[in-house]
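Engineer: Before anything else, here's the structure in question.
Read-outs throughout are calculated quantities, based only on the coordinates presented, and are distinct from any laboratory measurement. Predicted model only: the values in this text are computed from it and were never measured. Don't worry about glycine lacking a Cβ; one is built from the backbone with ideal geometry, like all the others, and counts go over all protein chains shown.
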Amino acid sequence: MTLYEFGMRYAGPFFLFFFHARVEGAENVPKNGPLVLCANHRSNVDPVILGSACPRPLRYMAKAELFRVPLLGPLVAALGAFPVKRGEGDREAVKRSLRILKQGQVLGMFPEAHRNRAKTGLMRFHSGAVRFAAQTGAPVLPVAIVRGKGFWPFQRVRVVFGKPVPVEALGWAKDHPDSARAAAENLQAEVLRMLEEKRA
């Protein structure tokens, strides 16, 4: 049994139970092929919750600082994360991400790049996820991590998987590199729509 399989079999279900997490739309995750999975980000435990909820093995960037946190660091690694040095143009993390997609795996990303400490809305989505999808032909799957009222860890959490869409449907165009920005904004709008719909 690999470390990832161990984490998914034992740690994953524990975290879903601990956070009272309900998973919706897991059937929307394609059973095979490359996929860029994009979620909103409000907590350091989001990578663990997302990795536990995804029906396919998930690889994702996580800030390098997380890997230095006792217990959480090893768990995040067990659930498929690899470190990225934010604000440094981490070329190795970029190469690794593209390699993961070219191998037909699932890459998880938090396009806000930082935790959003506001209780509503989303921070500006960066265009990296759209660019990765465009370079590899992978569809993009929006995900909303919806938190209920109350204080952590007593909040109820819903992990809602949307439907995969090609980057062209988000507004990206091969002959217009600047369109990645517009595509990222459209992706942000879709995740926000899902958040607001599920909070209602």
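Engineer: Which whole-number percent of Cα pairs in the range 59-200 have a distance greater than 22 Å?
Structural biologist: So the pairs more than 22 Å apart make up 44 percent of the total in the range 59-200.
Engineer: Please identify the chymotrypsin sites (Phe, Trp or Tyr not before Pro) of the range 111-200 that satisfy two criteria: DSSP loop assignment and at most 15 other Cβ atoms within 10 Å. Which are they?
Structural biologist: Sparse-neighbourhood loop chymotrypsin sites (Phe, Trp or Tyr not before Pro): PHE151, PHE154.
Engineer: Projected onto the charge dipole of the range 32-168 (+1 at Lys/Arg Cβ, -1 at Asp/Glu Cβ, origin at the Cα centre), which of ALA129, LEU98, ALA118 gives the Cα projection farthest towards the positive end?
Structural biologist: Looking along the dipole axis, the top candidate is ALA118.
Engineer: To continue, here is another question. Compare the peptides 47-56, 61-70 by average per-residue count of other Cβ atoms within 10 angstrom and give them in order, highest first.
Structural biologist: Final packing ranking: 47-56, 61-70.
Engineer: Could you tell me the convex hull volume per residue, in Å³, taken over the Cα atoms of the range 118-190?
Structural biologist: 93 Å³
Engineer: May I ask for the distance between the Cα centers of the range 155-200 and the range 38-80, given as a whole number of Å?
Structural biologist: Rounded to whole Å, the Cα centres lie 21 Å apart.
Engineer: Once amide H atoms are placed 1.01 Å from N in the peptide plane, what residues at a sequence separation of 5 or more from ARG22, or on another chain, have their amide H within under 5 Å of its amide H?
Structural biologist: VAL157, ARG158, VAL159
Engineer: Follow-up question, since we're still on this one. Quick one: net charge around ASN44, please, counting Lys, Arg +1 and Asp, Glu -1 for every other residue with C-beta under 13 Å from its C-beta.
Structural biologist: Here the charged neighbours net out to +3.
Engineer: At 7 Å along Cα-to-Cβ for each site, give me the label-to-label distance between HIS114 and GLN155 in nm.
Structural biologist: Going from the HIS114 label point to the GLN155 one covers 1.8 nm.
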